[in-house]
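Right, one structure below, let's go through it.
None of the figures in this text is laboratory data; all of them are computed from the coordinates on show. Computed from a predicted model, the values in this text were never measured in an experiment. Glycine gets a Cβ as well: all are built from the backbone with ideal geometry, and neighbour counts include every protein chain shown.
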Amino acid sequence: MTAYIIRRLLYTIPIVFGVLLILFLIFNVVGGNPARAMLGKYATKKAVRELEHQLGLDLPLIVNLDSAFAGSERAFVLATLDRLERLGTAPEKLVLEGEPVKALTVMDERPRAAVPALIGALLEPGAPEPRRAWASVALVWITGEDAIYRPSAYAPVREGLLTRWRDWWEARKTRPAFAPSWRYVLQSQLFHFLWDAATFDFGKSIQRRQFISQMILRGAVPSLTVTIPGFFLAVGLGLGLALVCAFYRAGVVDRTIVFLTVIAMSITFLAYVIGGQYVLAHKLGLFPVHGYLPPYAKFVALPVLIFVLASLAPDIRSFRTYILDEVSQDYVRTARAKGVANQDVMLRHVLKNAMIPVITSTVIHLPFLFLGSLLLERFFGIPGLGSTMVDAVFSADWPVVRAFTYIGAILYVVGNLATDICYAFADPRISLR
Amino acid sequence: MRGSRSERGDAGLKFLVLLGALGAIGAGTYLALGRRLVEEGGAGGPIVRRQAFVAQVKGFDPALAGDLYSGTAAFQIYEPLYEFHYLERPFREIPLTAEAMPEISQDRLTYRIRLKKGIRFHDDSCFPGGTGRELTVHDYIYAWKRVADPRVQSELWAFFQGKIVGLDALHDRASTSGNFDYDAPVEGLQAPDPHTLVVKLTRPSVDFVYLLVMPFTAAVPREAVEHYKDDFINHGVGTGAYRLVEWVPNSRIVYEKNPDYHDVRYPETGAPGDRESGLLADAGKRVPFSDRVEITIITEDQPRWLQFERGALDIAGVPKDAHGKAIVNEQPAPYLREKGVQIEIVPELDVTYICFNMVDPVIGKNRLLRRAIAHAADLEKTREIFFNGRGLYAQSPIPPGLFGYDPNYRNPHQEYNLDKARKHLADAGYPGGEGLPEIVYDSSGTDTTSRQMAEHFQENMSKIGIKIRIEANTWPAFSEKINKRQCQAWGIAWGADYPDPENFLQLFYGPSSSPNGQNGSNYQNPEYDKLYEEIRVLPDGPDRLRKIHRMRDIIAEDNVWVYELHRVTYILKNPWIRNYKYPPFLGGAFYKYTKADMAERKKWIGE
């Protein structure tokens, strides 16, 4: 059993890894721009670039080959500066915002972001043409893309692919050969993302500016105060009523309950929430209308009640089917033929065997309870995770959505495992190996 | 095989009875717990103000308080140098922590601001000994540097950018090096003594003085930021009238009166009608009046409305779907009036509009086509369907209440007239829409209302033969598209950041075209740009007015936008709320002026 659990847990690693790769593809490769979302109506090109740098979104996607060549890049820049010196511009005279260009040490940390700014200083409009050409060559070579900081200054860069290739070729000829530094290969969006996922460091929410891990921890408890009692009450009551139905199959009680469940299932959840809040809380004054304050039981009572009411009907219907499937088995007939009392047949034999499908359909839901119930939380003001998730989706708060999806994936895998383990307890014929 | 019918019936009945009993016990327990549903404050007890926010609050960091609710939340704690006069309209700035309005040099480049003495920060564990120290101008300089710090990631940096001598250089250096040097001197931010701030601007700017009212320019003690570090956003250490005592993200904020609040008085003058409506009853008294302010975040309309009806909230906006039920003939519905509910109808400082991309080869290069569209837009219906029939038809970008708004002006190039529209369309080279390619209308949301608004536009245009294809976007995707100049036409709105027409007229300024700024239409007009640069520095007066009107005419002539509405907000007030006047934008920490008559509330609740 232990070996089985360990093995299953190991299986989760490739599954979660696969989920992560898909998430990366969705959010980092094709997804929207979080920097722009954060800046909202103040998103100027410069501000977006700067924020992308802050968020590490200016790093290469998969591997940071550019930075791997940082050492040689640096040498190349120095060689370029030598060349510029020979062309009549002494490097020490080149200053950027008061700092001499020689301060190329910043390249060690974030080469892609630092170098263009430095080279940019060489590209002032009106500078001698050879100088501008050389600086633009250096820029294209180093960043592999159009200039970042001062668009107007980089006109030579934009002259077309052909020029760029020619520049590149020219540059290649004079570029001293240096060994790449592999230190930076993993400085890419993908590896940062994987590392953050492995350490459960989700960063900050774009919209709320709070740490996502804190948001999750803070929201989980209020969500659970509604879903845990709701879930267990619903399953317990559902199972009980399903047994009653099965026990008195086709009788008045069974038909009444089935009829009621059909009605209950045709009403949308939103109607339960709105109606429950309006009638039970507002009109009858049995519960508070909104809020989440101590004593919390008072404030979660109505949401729990609505949760139970809404999930009871489908539970009864499916549990009833599971039980009836068992009732028609041979062993039940045998037991009855042997004169075992009806109660004993139902409770000792049928219920036990019907537990397997019951477990399958319920345990898998357990981990998701912590994600809460969106509508209940929004309407009753419970600061849980359901509303957090939906707010994030609507405001394109991708880091939050990503974190939730990731956790959801883990929970799903764990839920599956828990289901399998429960089988073993419910049915001695199943042994986990 | 089966038991007899009667036997089963008996047991079933027993079971149902058992279930019923269980249910009754459960309900009883809930009932017992649910007893006191609305907490009371007696006549002699503390004065408690109860307010709802309709959207989430990020926290209290002023540098991040760009949205209305985070701004309001931060405002109660942190104080900028000035605030808007609570009652007077049009809006006028008055000193808050400053001693007087800034002394501005002749060239309008140097601002000298004196700070009141003896203002203290709230007591907090971030200070040595836990006692709040005195506020100095260094706290303002520090706060402004924080906005410029790239690591703080404040979107509000856009307001300071390019304005203060030396601050941009510090920002750019930090962007490159990753480290912001808070101790580096900034030429444009100097403190000759702890109570004098001298600000040097790079160019004269009429909006600078408005920035001194916004929450992000409020004083922040460096001790608090360094003490709470990443969690600073969840704390509040300011000089404001209220101290933060409870903060449950997603749920609620509770403030308590700052016992050491500096001497701030309730205004003695107001707008016409304020005296009659009792808004000047407390003139000259020291604020704050309320002992406690409780804010609940309620994003759904129904619970917010029910809480207002139950008296758990002092005031409420009217939800769109409840409008017909709650408002009758611009008055609260009879059932609300019986309860003493009062109404306040306030024009917002905003404009909704349909924007055209002026660099689009089809729509941007053809003024008559745009004019045809403007004449075919049935705004009356727009107002009826989407704004409950309320709102003022906009004739220009400038909303009423701002300098330069002219109530008698009618935009000659956009009244609803299908004949004119058809004629312009023909003149534009597309008689009956013939030969005109499908035009894409981008909507700013994927929700029902956004879709319906887009469909409404589509239907309007089909009447003159223009085919519209709708593309629905999420807001970030939408703004990205505008920035990349990929849209043709789209519906959007602009709300004032500060009460000056410049804030609206900048939306047509050529150098601010996408992606550099907020001119999403990418409109370019040298004459307009020149005038804009002039009105940006001119003080209000006949010269400025003339230039603003010229600008208004230029953009009307070019049909850059289809102006829709200046929206109107309906506020309902429960009878015990006093001194409440709705501020149409983030103008100051106004809760300190309001109060609740607890005796009256108690009577009302008890009924």
**Asked** What's the exposure ranking of B:His549, B:His424, going from fewest to most Cβ atoms within 10 Å?
**Response** B:His549, B:His424
**Message:** Which residue, A:Thr362, A:Val345, A:Val400, has the largest displacement toward the positive end of the dipole of region A:311-406 when charges sit on each Cβ (Lys, Arg +1; Asp, Glu -1)?
**Reply:** A:Val345
**Item:** lysines with Cα under 19 Å of B:Lys481, excluding same-chain neighbours fewer than 8 positions away
**Value:** A:Lys41, A:Lys45, A:Lys46
**Prompt:** Taking K and R as +1 and D and E as -1, what net charge do the other residues with C-beta under 10 Å from the C-beta of B:Tyr570 add up to?
**Reply:** -1
**Item:** chain B: relative contact order as a whole-number percent, Cα under 8 Å and 6+ apart
**Value:** 19
**Asked** If we count other beta carbons within 10 Å of each Cβ, what is the order of B:Trp604, B:Trp247, fewest first?
**Response** B:Trp604, B:Trp247
**Message:** Is there a quick way to get the dipole size of chain B? I mean about its Cα centre, with the Cβ of Lys and Arg at +1 and of Asp and Glu at -1; what is the value in debye to the nearest 20?
**Reply:** 1220
**Message:** Once R0 is set to 35 Å, what does the formula 1/(1 + (r/R0)^6) return for the Cβ-Cβ distance between B:Lys117 and B:Arg89, expressed as a FRET efficiency to the nearest 0.05?
**Reply:** 0.65
**Prompt:** lysines within cross-link reach of A:Lys352: Cα-Cα under 24 Å, excluding same-chain residues under 8 positions apart?
**Reply:** A:Lys338, B:Lys14
**Request:** Just check region B:450-607 against the gyration tensor rule for me: Cα atoms, a ≥ b ≥ c as the square roots of the eigenvalues, rounded for a/c under 1.5, and otherwise prolate or oblate depending on whether a/b exceeds b/c.
**Result:** oblate
**Fill in**
Taking a ≥ b ≥ c as the square roots of the Cα gyration tensor eigenvalues, with a/c under 1.5 meaning rounded and otherwise prolate when a/b beats b/c or oblate if not, chain B comes out oblate
**Prompt:** Simple spin-label model, 7 Å along Cα-to-Cβ: A:Phe368 to A:Arg429 in nm?
**Reply:** 2.9
**Prompt:** For B:Glu415 and B:Glu276, what is the calculated FRET efficiency with R₀ set at 45 Å and r taken between the beta-carbons, to the nearest 0.05?
**Reply:** 0.75
**Prompt:** Does anything in region A:404-433 have its amide N under 15 Å from the 7 Å Cα→Cβ label point of A:Ala3, and if so which residues?
**Reply:** A:431-433
**Prompt:** Hey, which of these cross-link pairs are over 32 Å Cα-Cα: B:Lys117/B:Lys581; B:Lys325/B:Lys603; B:Lys58/B:Lys547?
**Reply:** B:Lys58/B:Lys547
**Message:** I want to check the label-to-label distance for B:Glu256 and B:Ala100. Put each point 7 Å from Cα in the C-beta direction and report it in nm to one decimal.
**Reply:** 3.9
**Whole-number percent relative contact order across region A:200-320, with pairs defined as alpha carbons under 8 Å at least 6 apart** = 35
**Prompt:** Can you sort B:Phe216, B:Phe356, A:Phe259, B:Phe159 by how many other beta carbons sit within 10 Å, fewest first?
**Reply:** A:Phe259, B:Phe159, B:Phe216, B:Phe356
**Shape of region B:370-411, Cα gyration tensor, a/c cut at 1.5** = oblate
**Message:** If you take every residue apart from A:Tyr331 with its C-beta less than 15 Å away from the C-beta of A:Tyr331, what net charge results, scoring Lys and Arg +1 and Asp and Glu -1?
**Reply:** +1
**Request:** State the answer as a single residue: which of B:Gln342, B:Phe356, B:His262 lies farthest towards the positive end of the charge dipole of region B:254-358, with beta carbon charges of +1 for Lys and Arg and -1 for Asp and Glu, about the Cα centre.
**Result:** B:Gln342
**Spin-label pair A:Leu347/B:Ile605, simplified geometry with 7 Å Cα→Cβ offset, distance in nm** = 4.9
**Asked** Of all trypsin sites (Lys or Arg not before Pro) in region A:314-402, which ones are in loop regions per DSSP and have a Cβ with at most 16 other Cβ atoms within 10 Å?
**Response** A:Lys338
**Cross-link table B:Lys116/B:Lys145; B:Lys200/B:Lys229; B:Lys285/B:Lys602; B:Lys320/B:Lys381; B:Lys420/B:Lys463, entries beyond 18 Å C-alpha to C-alpha** = B:Lys116/B:Lys145; B:Lys200/B:Lys229; B:Lys285/B:Lys602
**Item:** Efficiency of FRET from Cβ geometry, B:Arg546 and B:Lys467, R₀ 60 Å, rounded to 0.05
**Value:** 0.90
